[in-house]
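First up is the structure itself, then whatever we jot down about it.
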Amino acid sequence: MVAIIVLAAVALLLFLAALKSVKIVRPYQRGVVERLGRYHATANPGLRFIIPFADRMIRVDMREQVVEVPAQEVITSDNVVVTVYAVIYYEATDAQRLLYNIANFELAVAKLAQTNLRNLIGDLMLDEALTSSVKINTHLREILDDATDKWGVRMVRVEIQRIDPPSDVIVSMHHQMQAERDRRAVVTEAAGVREAAIARAEGEKQAAILAADGDAQAMERIADAERYRRLAIAEGEAGAIRSVFTAMHDGNPTADVLALKYLDALVRLGDGQATKIFLPSEMGGLFGAVGGLAELLRGDGEAVSGNGAQPAAAAAGEGDDSGDSSRARSASSSVTTRPGS
């Protein structure tokens with residue numbers, strides 16, 4: 001009976017030893033194996049066997065981890081107290097150093113981040129601190145990465161969640177932003193009015209230039225049309241005069257016909273009330289031609305009517321003389337002799 005109990009105890013011990021010797025390391029883990037209290041090896045993911053009661057395996061998570069930095073109050077360079085909230089993302093690179101070189105990594109890295117945040121934001125003005133979160137994140141990550149390299153971790157990124165100024169500073173900032181928006185609105189409106197005035201003036205100038213060009217072209221066309229009209233009239237009158245003179249020369253008129261035409265022209269010119277005609281004083285030849293014409297007409301009348309018709313011819317002659325004398329009086333009433341011309 002005792003032997004059975006001993007065998008059962010030995011079997012149980014062997015079973016427990018077998019269980020303790022079999023270890024499974026997951027893909028995101030590394031196993032740090034200690035033998036008799038000293039570092040022995042680092043086990044990769046998979047099924048691993050250790051010596052029972054002599055070896056011990058400590059699994060280290062190699063995934064990216066997040067550490068929230070506790071909120072802290074920081075004084076900026078312009079003496080404004082702000083509250084800063086940040087988070088840190090890191091991942092283990094060496095399981096042995098992470099296990100042996102630092103006792104509480106998360107607490108250590110949080111305190112380190114707080115200290116460096118106080119230094120970084122303390123060198124900035126409030127406006128710079130609020131608008132330079134990317135710059136602060138980059139500098140803080142570089143500082144933490146250098147400090148934690150011996151701990152076997154790598155700083156992936158550091159993010160400033162928010163920076164909270166005091167309530168009175170927030171109210172003042174709201175007033176400042178409203179004033180800045182009002183200023184920008186006024187400047188934008190003034191710029192729009194100025195551009196509109198410039199565009200309007202430019203349009204009026206262009207319209208005036210186009211109107212002046214149009215008036216100049218219209219006047220030029222009117223002048224060309226008037227010149228063409230006058231040229232056409234002059235050419236027509238010149239052609240008419242040439243035709244009249246050509247016809248007169250072709251008809252071979254005598255001096256008597258020319259004298260009658262001249263008298264008719266004088267009568268027509270003398271019909272106007274305000275018509276004044278200046279004739280040369282050498283009119284002897286003209287009146288001689290008129291007298292010869294009268295004698296010629298009187299001789300022709302006597303030859304046609306004979307002796308029996310002499311009284312009628314005389315009457316006709318007297319009538320002609322009276323007609324000629326009336327024509328001469330009508331012409332002389334409107335003709336002014338200019339001596340010496």
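Structural remarks
- Those residues of region 63-78 which are more than 19 Å from ARG141 (Cβ to Cβ), surrounded by 13 or more Cβ atoms within 10 Å (Cβ to Cβ) and in contact with a helix residue (DSSP H, G or I) (Cβ under 7 Å, 6 or more places away or on another chain), in sequence order: THR76, SER77
- Test: residue in region 133-140 that is assigned to a strand (DSSP E or B) and in contact with a Leu (Cβ under 6 Å, 6 or more places away or on another chain): no
- Candidates in region 139-198 are the residues that are among the small types (Gly, Ala, Ser) and in contact with a helix residue (DSSP H, G or I) (Cβ under 7 Å, 6 or more places away or on another chain); of these, the one that is nearest to VAL80 (Cα to Cα) is ALA147.
- Subset of region 1-44 (residues that are part of a strand (DSSP E or B) and either more than 21 Å from ASP61 (Cβ to Cβ) or among the aromatic types (Phe, Trp, Tyr) (or both)): ARG35, ARG38, TYR39
- Candidates VAL32, VAL22, VAL81, VAL60, filtered to the one that is surrounded by 11 or more Cβ atoms within 10 Å (Cβ to Cβ) and within 60 Å of the chain's Cα centre (by Cα): VAL81
Each value in this text was obtained by applying a stated rule to the coordinates, not by laboratory testing. Keep in mind the model is a prediction, meaning the values are calculated, not measured. Quick reminder, even Gly has a Cβ in these numbers, built from the backbone with ideal geometry, and neighbours come from all protein chains shown.
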